[in-house]
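Nothing in this text is a laboratory measurement; each read-out follows from the coordinates by a stated rule. As the structure is a computational prediction, the values presented were derived from the model and not from experiment. As a convention, Cβ positions derive from the backbone with ideal geometry for all residues, glycine included, and neighbour counts pool all protein chains shown.
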Amino acid sequence: MSIRAGVLTLSDRSSRGEYEDKSGPAIKEGLASLDMDWVKTLILPDDEPLITETLRKWCDQGDVDLILTTGGTGPAPRDRTPEATRAILDFEIPGIPEAMRYATSDKVPTSVLTRAVAGVKGNTVIINLPGSPKAVRENIEVLLPILEHLVAKVKGDPGECGAV
């Protein structure tokens, strides 16, 4: 199953061209073993209404199964990606960010400060990832075993869920 995916990088500096986005490409590299069709890639500033509008538009267009955001998940004042994401979700899947925090907390104790969320709008899965390439790679390790199954379930696959 090919997953139609988008990467949304949230960074004031990268959006102004002051800093090269390395986290967006790290997402694509980390998921290279899956059958991914990268249909959308965009860099935006840390602007909550703009992030919300973009996520809503991408979901409503119906051409993405999965949106992975990177950046804006920490406790800094401009880190508003979780709020922008929650504003459009039909429901959250709290186990995903919980698993990512748990898996990375031994390596990087400050990873527990992330406020990342994951959830579904319509038939699209949205998962927030941290902004550093290293943290992206560590969190992708958590996502690799579940992404195909998750996307299939959200798209209506009636097969066994496995847990729950």
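Remarks
- Over all pairs of different C-alpha atoms in segment 3-154, the reciprocal of the mean inverse distance, the Kirkwood hydrodynamic radius, equals 15.0 Å.
- Sites SER105 and ARG13, calculated FRET efficiency, Cβ-Cβ separation with R0 25 Å, nearest 0.05: 0.40
- Highest mean first, the peptides 140-149, 100-109 sorted by other C-beta atoms within 10 Å per residue fall in the order 140-149, 100-109.
- Net length available on complete extension from ALA87 to THR41 is 14.5 nm, with 0.36 nm assigned per residue and the Cα-Cα distance removed.
- Database remark: amide H of GLY131 closer than 5 angstrom to the amide H of GLY71, GLY72, THR73 (H placed geometrically; neighbours at sequence offset of 5 or more, or on other chains; Pro and chain starts carry no H).
- Contact order, relative form, for the chain: 26 percent (alpha carbon pairs under 8 Å, 6 or more residues apart, mean separation divided by residue count).
- Between GLU20 and ASP60, the modelled labels are 3.6 nm apart [label points 7 Å from Cα along Cα→Cβ].
- Dipole-positive endmost among ILE96, GLY62, VAL39 within segment 24-138 (Cβ charges, Cα centre): ILE96
- Within the same chain, lysines fewer than 8 places from LYS153 are excluded, and of the rest, those with a Cα less than 27 Å from its Cα are LYS28, LYS40, LYS57, LYS121.
- Interchain or long-range residues, amide H under 5 Å from ILE67's placed H: GLY6, VAL125, ILE126, ILE127
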